[in-house]
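The values are calculated or read from the model by the stated rules, or taken from the named source; none is laboratory data. Keep in mind that this is a model prediction, so the values were computed, not measured. Cβ coordinates were reconstructed from backbone atoms using ideal geometry, including for glycine residues, and neighbour counts include every protein chain displayed. Surface accessibility is based on the protein's heavy atoms, side chains included, excluding ligands, DNA and RNA. Shrake-Rupley method; radii C 1.70, N 1.55, O 1.52, S 1.80 Å.
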Amino acid sequence: MDRAIRLARLAEGHTAPNPPVGAVVVKDGRIIGEGYHKKAGTPHAEINALSQAGDASKGATLYVTLEPCNHYGKTPPCSKAVLAAGISRVVIGFRDPNPKAQGGADFLAENGVTVQTGCRQEECRLLVMPFVKHVLTQMPWVRCKVAMSLDGKIATKTGDSKWITNSQARSFGHKLRARSQAILVGIGTAQADNPELTCRLKAVWARNPVRVVLDSKLEIAPDCKLCQPSPQGKNTAKTIIIASNSHTNAELVQKKAEMLQARGVDVWFATSDSYGRPDLQHVLAMLGGAGIQSVLVEGGARIHGAFWDAGLVDEAFFFYAPIVLGSSHARSGIEGTGVELVSQAMRLKDIKIRHFGDNWMVSGKLH
């Protein structure tokens, strides 16, 4: 199952509207087939693993991170393919929460296959949480990523931030980008850093997320990297600029929007919050409506603060470097309104700590 989970992680961010799934076929203590779901409309993980195993699948055990589907969608039911292959035992990590697809475990058990569920359940559940949240709420799973000094600063008082964390930590940050369907920043970050917001990993499974910029007044510079034509092929990076829908200079904003759209940039307008910024609930609803199941929020500090204040963060990744930047004028990792009492603080659960040389990461979930 550990191997199946690793395979499923290769699919994260690439299978929407389906969940990422990994599968392994084992016989006589040896792996004879494995696979993962690579893209919606293509064979599911179980089919890829069974195809690799071939006729040797008869009497074997199938380990799969998610319950085999039991319905006809773009592909036939995996449950029937598993039965037809002669698999004698199926070990399932997590039951499918989608009413349309669930039932594969019961179907297999009713037809004489030994079925075991709950193996590595928590890891398998987390793999599909973006899918689950999207199915149940039509909203994307929100990951928050912050890289900080020991004293919680993301830049010096002059604004210098390259680089706080080391190359190993930054490489893992690119894995988070590849696992997410969209990456979101505010206009402040876009103006200060002029980032590309692409995934630098060379692995064949790495893909660029959709780049989302919250820009209330549509102030983004047309010649910035985010507004330039992106590379074609597998690494094409789409850009969406989301502005507020209430402006005193609406005609000027509309002309700017048309100019950006002519460059291939999508411009959306969201309901304004009390500060005149795009309302985050509406932003997430629009992204979810576009089929985006997961969003990685990378900053800046005000954007992070707004997401935390609104209680919209599902999973958080805090990277730390053993340096101290000091100064009351240096930007903190998370701003916003915050809480008045320590007892009101949002607390992470299922904490994990990972080291990257002399850097480390603390991660956890909130919901």
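Overview of results
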{"quantity": "Residue among THR114, THR137 that is more than 15 Å from the chain's Cα centre (by Cα), modelled with pLDDT of 95 or more and within 29 Å of ARG9 (Cα to Cα)", "calculated": "THR114"}
{"quantity": "Filter pass, LEU108 being buried (at least 20 other Cβ atoms within 10 Å of the Cβ), modelled with pLDDT of 95 or more, more than 16 Å from PHE131 (Cβ to Cβ) and not acidic (Asp, Glu)", "calculated": "yes"}
{"quantity": "In the range 57-84, residue nearest to the chain's Cα centre (by Cα) [restricted to those that are among the small types (Gly, Ala, Ser) and open to solvent by 30 Å² or more (accessible area, probe 1.4 Å)]", "calculated": "GLY73"}
{"quantity": "Breaking point among (1) of a type in the set (A, V, I, L, M, F, W, C); (2) crowded, with 24+ Cβ neighbours inside 10 Å; (3) assigned to a loop (DSSP other than H, G, I, E, B), for ALA101", "calculated": "(2)"}
{"quantity": "Hits in the range 312-342 (condition: small (Gly, Ala, Ser) and at pLDDT below 95)", "calculated": "GLY326, SER327, SER328, ALA330, SER332, GLY333, GLY336, GLY338"}
{"quantity": "Pairs with Cβ under 6 Å, 6+ apart, first in the range 88-115 and without any contact (Cβ under 8 Å) to a residue 60 or more places away in the chain and at positive phi, second assigned to a loop (DSSP other than H, G, I, E, B) and surrounded by 18 or more Cβ atoms within 10 Å (Cβ to Cβ)", "calculated": "GLY103/ASN70"}
{"quantity": "Some residue of the range 339-352 being surrounded by fewer than 16 Cβ atoms within 10 Å (Cβ to Cβ), touching a Phe, Trp or Tyr at 6+ places or on another chain (Cβ under 8 Å) and over 24 Å from PRO20 (Cβ atoms)", "calculated": "yes"}
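Every residue, every condition in (1) open to solvent by less than 40 Å² (accessible area, probe 1.4 Å); (2) among the small types (Gly, Ala, Ser), yes or no:
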| residue | (1), (2) |
| --- | --- |
| PRO130 | yes, no |
| VAL135 | no, no |
| VAL142 | yes, no |
| SER149 | yes, yes |
| GLY159 | no, yes |
| ILE164 | yes, no |
| SER167 | no, yes |
